Amino acid sequence: MTRPCGEHPSDRATDRPVVGIIGNSVLINDTYPAHSGGTMNSLAVAEVAGCLPLVIPADPRLVSVPELLEVCDGFLLTGGRPNVHPSEYGEDETPAHGAFDRARDAITLPLIRACVERGQPFLGVCRGFQEVNVAMGGTLWPEIRDLPGRMNHRMPPDGTVEEKFALRHKVTVTEGGPFHRVFGATEVMTNSLHGQGIKHPGQRIVIDGLAPDGTPEAAYVEGAPGFTLSVQWHPEWNAANDPVSRPLFAAFGDAVRAWAAAKAGAVPARRSA
């Protein structure tokens, strides 16, 4: 296709690098099956990371990991109500483990391992944070609030969306670590909407941030050649304005652009402020 005179590839929206947003299987009105990615995730990817959001139906009947690695430049591993099935980390299913999405397990876990090996960037959020740990051989607690000395990290059952995603506790990150470099601070305020949490970190998983009760909240994969930052909270909420979410998604977007540019053999385009 002929490009109009004077048009630079980075000036066109179609040249934005693609971020695959891992979708969740949902039932609309409890009857109609659908794949959902959440509008907040797409907005954060488009407006803050500066990338093209593409919602992925996380089902091995529909997509394969090699296809996703080729089509997408990076991945947002989203939160979701279903949990990683405990058989993926060698434990038996109990009522405390809640609902599951085995199709998503079948896509995301090998996808994460492939991205770690290739250096292809991903950002893990809530369930995605837990998936990264499981993919690397770690385990999960089925219910954080049942542990001695732990607070209730679950989403408030009532209230507006704003109230449910309100900032609820501090997270302290390691001084000089990757999250400190992204945030410019060692203490940040976050929301909290999760029931499960990391029990034993997987191989090469570095816990880089903790809630006041000791619950792991931020992690990365040690020695990975690409961006692997993951958080237990939901930074997609108010991402364009939140002082913690905005630099996190901006850093992710920069990593995705760098990957796309390297793949194309080009110099990375500068991201607008």
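Fewest neighbouring Cβ atoms within 10 Å first, the residues S192, S87, S25 line up as S87, S25, S192. In this calculation the C-beta distance from E93 to V206 is compared with R0 = 25 Å, giving a FRET efficiency of 0.30.
Going from the fewest other Cβ atoms within 10 Å to the most, the residues T174, T139, T39, T215 appear in the order T39, T174, T139, T215.
Between E47 and N241, the distance separating the two model label sites (each 7 Å from Cα on the Cα→Cβ line) works out to 0.9 nm. Distance between the C-alpha centers of the stretch 33-67 and the stretch 184-239? Whole Å please. When both Cα centres are located, 21 Å separates them. Annotation: lysines with alpha-carbon distance below 27 angstrom to K199 (same-chain offsets under eight excluded): K164, K170. Around the Cα centre of the stretch 17-264, unit charges on the Cβ atoms of Lys, Arg, Asp and Glu (plus for the first two, minus for the last two) sum to a dipole of about 260 debye.
Residues in the stretch 175-207 near a label at D158, defined as backbone nitrogen under 20 Å from the 7 Å Cα→Cβ point? So the set is 192-194.
Each of W259, W233 was scored by other Cβ atoms within 10 Å of its Cβ. Arranged with the fewest first, they read W259, W233.
Taking 0.36 nm per residue of separation and subtracting the current Cα-Cα distance, fully stretching the chain between R118 and V71 would add 15.5 nm. The label point for A264 and the one for T31, both projected 7 Å from the Cα toward the Cβ, are 4.6 nm apart. Let me make sure I get this right: for the stretch 17-264, a, b and c are the square roots of the gyration tensor eigenvalues over alpha carbons, sorted descending. Under 1.5 in a/c it's rounded, otherwise prolate if a/b > b/c, else oblate. Which is it? Note, shape of the stretch 17-264 comes out rounded.
Taking Lys and Arg as +1 and Asp and Glu as -1, the other residues whose beta-carbon sits under 13 Å from that of P110 total -2. Within the shell of other residues whose beta carbon sits under 12 angstrom from the beta carbon of N152, the net charge comes to +1, with Lys and Arg scored +1 and Asp and Glu -1. On the basis of the beta-carbon distance and an R0 of 22 Å, H169 and L147 show a calculated FRET efficiency of 0.90. Net charge in the neighbourhood of N133 (other residues with Cβ under 14 Å of its Cβ; Lys, Arg +1, Asp, Glu -1) is -3.
For the chain, DSSP calls about 60 percent of its internal beta bridges antiparallel.
Taking the inverse of the mean 1/r over every pair of distinct Cα atoms in the stretch 37-178 gives a Kirkwood hydrodynamic radius of 16.9 Å. Contact order normalised by length for the chain, with contacts defined as Cα pairs under 8 Å and 6 or more residues apart; what percent is it? Here the relative contact order equals 20 percent.
Every read-out reported here was derived from the displayed coordinates using simple, explicitly stated rules and does not represent laboratory data. The shown structure was predicted, so the numbers you read here are calculated from the model rather than taken from an experiment. Note: ideal-geometry Cβ built from the backbone for every residue, glycine included; neighbour counts use all protein chains shown.
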